[in-house]
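Worksheet: one structure, shown below.
The values are calculated or read from the model by the stated rules, or taken from the named source; none is laboratory data. In this text, all values refer to a predicted model and were calculated from it rather than measured experimentally. Counting neighbours? That spans all protein chains shown, and the Cβs are built from the backbone with ideal geometry, glycine included.
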Amino acid sequence: MSAALLSAILVTTIALQALLPARRLLIVTLGAGLACLASTLLGTARTSEILADVPWDVLVILVSLGLLSQLVAESRLFGVLAARACAASRGDPRWLAIVFTIGMYVMSSLVNNLTALLLVLPMLLKLFKLLGVSQRYLTWTLGALLVACNLGGAATPIGDFPAVLLLGSGSMTFSGYLVRAAPATAVGLALLLFLVFGLVRPERDVEKSPISSAISVRAVSALYRHVRVDRALLVPSGAALVAMLVAWTALPTSLGVTPEIVCWIGASAALLARPKLAEKLLRRRIDVEAVLVLFALFVMVVAVRRSGVFGEVTRAIEHLPISGTGQLVVFLLSAGVLTGLFSAGPGMAAMLEVADGLARTQPPGAVYVGLALSVCAGSSLFLTAATSGPLAQALTERADLRSPGGEPLRFGFLQFLPVGLMSFAAIQIVSIGYALLAVRLGW
Amino acid sequence: MSATLPRTLEQAYAAVVGELGMASAGWLFVSEVAAHAGDEGVEAFADELGATYPVLDAVARQWLDGRRAPQINAKGALDALDGATHVVIVGLESLHLDGFVAAAPAELGISLLAHRPFPVDWERVVANHAGRVDLLYLDSFQSMSGPKSALLGFAYGVHGDRTHVPPLWARVVGADVRAQFRSLVGWDALGSEMNVYPRWLTEVGVDEFTHFVGATR
């Protein structure tokens, strides 16, 4: 009874927030409250016990990394890099798309996806206006950019929430995750570039004009003519990040200095470099929406875990009449599809509980990194599966782009679908391929 | 020198005109069109976009008359501000602002009124001036008023005793504001009359400024 009701609350909440993203905060906070109430009344666990099990360390990491991302953003690094990327591409639509896709992968591996997208997309959309692009070009280029964003987020333990959760929960060490996930996501990126820019070739129907190319490069240079990176801000932020990376990699576990403490102190040290700006960021720029959504999801997942449901799911997978490797493949495919339907946060939070069970019989690296890659695949399936999708949609609508014929250009759910299906398949193949290889080699 | 004009030049110009300024963006576009499509291309460009963007049209006509760069009389603008310790700039012309900031003495405070009819990334605008320029907003710019403060607005061409300014200037310079600033300086950023209806701009008398700076010295 308890397990069924709590699971129903979790699934209903996740489904509702996916269906009504504009009411997401209200839905998940209400769902979390109901989960606590049901759990208390049914004797599964008291609210204080559920709250004690919430992985606060993950939330600390998320907030700290978000603040560090904001500091780097304030240094104007991304704008200057975007302008240089434009100059390097010489206004050629094909190279522009490739350079920005690779750049987005690198950036989102270091800062959170939303920050990376918010800083780069307005510049890119302006470039699209300068170049005069087609609907097909817009769809595939922005689509590839979002998928690259997801891949970059999965490349490092600090890139995006799923990997942060693995780091914060202690499922994997920083370096353990990095050496496995970075190469795998790089393979995913190479596959994406080949499929989009080698086979689909979205630039094929863009009207190429030397005038447009020259104007694009000159106009962007003019916009950034004297903009310089604020080194006084970037250097302390970069130094703090490097120090954090060293601490995550080198500090022995026995010391008890856990990843969230490293992150907390590192971000605080970086903020000290600009106290006035730091105060502004702390008061106004913390992503309260992300924190609240994850907190509520954690509460519901903890309640469901205490009812024993995840243990039963793990046992059900373990009892499938197929090999252990086959069970892992089933798990990874399920994680990808569930993430596509319910988005990355809920997908990862719920599936990690099952992954912990599978990791007892399979190499943990294969299970956890495979899971992170599958969640990445799922995040790339639909435009609504990752938070960066609706943001890209909103920014594109606001930009009011037009084709050379004057028709309005759109980037919505349906436009993204072919990119999403192809990317989902490609990254899921990388995920399963990686997991099978890791099992074979015992990683 | 015979490249065909792309069909999206209007969208491209609109994308940057807010941040570069109508005349500054005009010179950028006209020079690139000329480089790839010659004077014929510039003429076609002016015919196509001139009615919508009269300042761009005037820049194209100047190009066809043989002028190859804008005239930026930063010295004249600074002379007109003589005695002021702070200037609030109304309107945006990036080439002129660059010249003005470069020539301005370090002790002159420079603020820019952040208000445009086109999209502008104001953070990027001020980032181009390495801390020399800060932003003011319409509801608070009078905090900078005083006997040592001046208003400087960009104007576009002079015909007789009339000129054209962005509507923002007319909105800013009400009877109350006129008395609050040391001087109201107009600066011609175009240097020629417009041949088509001055869309985006409004007509005012040159004598409504306390000083008017021509495009040339």
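Within the bounds of region A:138-154, is there any residue that is within 14 Å of chain B (Cβ to nearest Cβ) and surrounded by fewer than 24 Cβ atoms within 10 Å (Cβ to Cβ)?
Checking region A:138-154: at least one residue is within 14 Å of chain B (Cβ to nearest Cβ) and surrounded by fewer than 24 Cβ atoms within 10 Å (Cβ to Cβ).
Across region A:390-401, what is the number of residues that are free of Cβ contacts under 8 Å to residues at least 24 places away in the same chain and within 11 Å of chain B (Cβ to nearest Cβ)? Steps first, answer last, please.
Kept after step one, since they are free of Cβ contacts under 8 Å to residues at least 24 places away in the same chain, are these residues of region A:390-401: A:393-394, A:397-398, A:400.
With the extra rule that they be within 11 Å of chain B (Cβ to nearest Cβ), the set shrinks to A:398, A:400.
So the count comes out to 2.
Going residue by residue through region B:43-55, is there one that turns out to be buried (at least 22 other Cβ atoms within 10 Å of the Cβ), over 26 Å from B:PRO147 (Cα atoms) and within 14 Å of chain A (Cβ to nearest Cβ)?
Among the residues of region B:43-55, at least one is buried (at least 22 other Cβ atoms within 10 Å of the Cβ), over 26 Å from B:PRO147 (Cα atoms) and within 14 Å of chain A (Cβ to nearest Cβ), which makes the answer yes.
For A:TYR224, all conditions in the list (1) within 14 Å of chain B (Cβ to nearest Cβ); (2) buried (at least 20 other Cβ atoms within 10 Å of the Cβ); (3) within 25 Å of the chain's Cα centre (by Cα) hold save one; what is the number of the exception?
Unmet for A:TYR224, out of (1) within 14 Å of chain B (Cβ to nearest Cβ); (2) buried (at least 20 other Cβ atoms within 10 Å of the Cβ); (3) within 25 Å of the chain's Cα centre (by Cα): (3).
Do we find a residue being in contact with an Asp or Glu (Cβ under 7 Å, 6 or more places away or on another chain), in a helix (DSSP H, G or I) and touching a residue at least 24 places away in the same chain (Cβ under 8 Å) anywhere in region A:324-338?
Yes, because at least one residue in region A:324-338 is in contact with an Asp or Glu (Cβ under 7 Å, 6 or more places away or on another chain), in a helix (DSSP H, G or I) and touching a residue at least 24 places away in the same chain (Cβ under 8 Å).
Among the residues of region B:7-27 satisfying the criterion of being facing chain A (nearest Cβ under 7 Å) and buried (at least 23 other Cβ atoms within 10 Å of the Cβ), which is modelled with the lowest pLDDT?
Ranking the qualifying residues of region B:7-27, first place goes to B:THR8.
Hey, among the residues in region A:190-219 that are assigned to a helix (DSSP H, G or I) and at the interface with chain B (Cβ under 7 Å from one of its Cβ atoms), which one's surrounded by the fewest Cβ atoms within 10 Å (Cβ to Cβ)?
Once the filter is applied, the top-ranked residue is A:PRO210.
Taking the residues in region A:344-373 that are in contact with a Lys or Arg (Cβ under 6 Å, 6 or more places away or on another chain) and surrounded by 20 or more Cβ atoms within 10 Å (Cβ to Cβ) as candidates, determine which candidate is modelled with the lowest pLDDT.
Of everything passing the filter in region A:344-373, A:GLY365 is modelled with the lowest pLDDT.
Consider A:GLY170 carefully, then state whether it is at pLDDT below 90, on the phi > 0 side of the Ramachandran plot and over 25 Å from the mean Cα position of the chain (by Cα).
no
Does region B:195-217 hold any residues that are in a loop (DSSP other than H, G, I, E, B), over 22 Å from B:GLY99 (Cβ atoms) and of a type in the set (A, V, I, L, M), and which are they? Break it down stepwise before answering.
Taking region B:195-217 and keeping what is in a loop (DSSP other than H, G, I, E, B), we get B:195-201, B:209-210, B:214-217.
From what's left, over 22 Å from B:GLY99 (Cβ atoms): B:195-200.
Hit for region B:195-217 is B:VAL196, nothing else.
Output the number of the condition that A:ILE158 fails; it satisfies all remaining conditions of (1) farther than 20 Å from A:SER343 by Cα; (2) within 16 Å of the chain's Cα centre (by Cα).
It is condition (1) that A:ILE158 fails.
Might you check whether a residue that is at negative phi, out of contact with any strand residue (DSSP E or B) (no Cβ under 6 Å at 6 or more places or on another chain) and not in a helix (DSSP H, G or I) occurs anywhere in region A:288-305?
Just the residues of region A:288-305 that are at negative phi, to begin with: A:288-305.
Adding the requirement that they be out of contact with any strand residue (DSSP E or B) (no Cβ under 6 Å at 6 or more places or on another chain) leaves A:288-305.
Now drop any that are not not in a helix (DSSP H, G or I), which leaves none.
Looking through region A:288-305, none of the residues is at negative phi, out of contact with any strand residue (DSSP E or B) (no Cβ under 6 Å at 6 or more places or on another chain) and not in a helix (DSSP H, G or I).
Of everything in region A:248-262, what is within 23 Å of the chain's Cα centre (by Cα) and aliphatic (A, V, I, L, M)? Give them in sequence order.
Of everything in region A:248-262, those that are within 23 Å of the chain's Cα centre (by Cα) and aliphatic (A, V, I, L, M) turn out to be A:ILE261, A:VAL262.
Give me a count of the residues in region B:61-110 that are farther than 23 Å from B:VAL172 by Cα, assigned to a helix (DSSP H, G or I) and more than 14 Å from every other protein chain (Cβ to nearest Cβ).
6
In region A:125-166, which residues are among the hydrophobic types (A, V, I, L, M, F, W, C) and in a loop (DSSP other than H, G, I, E, B)?
Matches in region A:125-166: A:VAL133, A:ILE158.
Looking for something outside any helix (DSSP H, G or I), within 14 Å of chain B (Cβ to nearest Cβ) and free of Cβ contacts under 8 Å to residues at least 60 places away in the same chain - is there at least one such residue anywhere in region A:407-429?
Yes, the conditions are met somewhere in region A:407-429.
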